[in-house]
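The next block holds one structure in the form of structure tokens; read it before the comments.
Every number in this text was worked out from the coordinates using simple rules, so none of it is lab data. Predicted model, so just to flag it, every value in this text is computed and none were measured. Methodologically, a virtual Cβ is constructed for each residue, glycine included, from the backbone with ideal geometry; neighbour enumeration extends over all protein chains shown.
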Amino acid sequence: MHTIDAKNRMSLPMAFRQALENNSDRPPILTNAYRCLELHPYEDWEAWEERIVAIADVDPEAQDYARMMISGAVECPIDKQGRILVPPHLRAYAALEREVTLAGYGRKIEIWDNARFEAKFNETHARFEQMAISVAGKLRN
């Protein structure tokens, strides 16, 4: 469990911090996602943004998706104490209270309000068997 202080700062675990710093000399990008925030290495974000914008040029649904993700994106430097600043607009969007959960997901890090993460985890756990079967089928293709 991690906390966001009164000044909207949050410490990143050393492993996450090192992964972000090893992947780029530029500050990571923090943005809104579905019910949480995502922290991306800069170059990964840049490549993703180019891909989604190209799709959005011809797909109205992708336009809405891109608008949602890109409009909230901010550079998020890591300070000397290993903290990031979570801007108030992103903190409000993800309903982040003091206690948060960080979840590594590929090369990005999700930042969840603890209660939201627990609810999502329990929902996923309840459907896990059918999800595993569905995913296994996709992996075979």
Options ALA95, TYR105, SER24, ranked by Cα towards positive dipole end of the range 2-114, top entry (Cβ charges): ALA95
HN-Hα J in Hz across the range 107-121 - Karplus 6.51, -1.76, 1.60, θ = phi - 60°, x for Gly and Pro: 9, 10, 10, 8, 10, 10, 5, 3, 5, 5, 4, 4, 4, 5, 4
For the range 41-100: rounded, prolate or oblate by the Cα gyration tensor [a/c cutoff 1.5]: oblate
GLU99/ARG26 FRET efficiency (R0 35 Å; Cβ-Cβ; nearest 0.05): 0.75
[x] 38; [y] 32; [z] 44, with the label sought being that of the calculated percent of Cα pairs over 26 Å apart: [y]
Sequence of THR31, THR101, THR124 once ranked by neighbouring C-beta atoms within 10 Å, starting from the fewest: THR124, THR101, THR31
Cα centre as origin, Lys/Arg/Asp/Glu Cβ charges: the range 2-114 dipole, Debye: 560
At most 10 other Cβ within 10 Å, DSSP loop - trypsin sites (Lys or Arg not before Pro), the range 60-102: LYS80
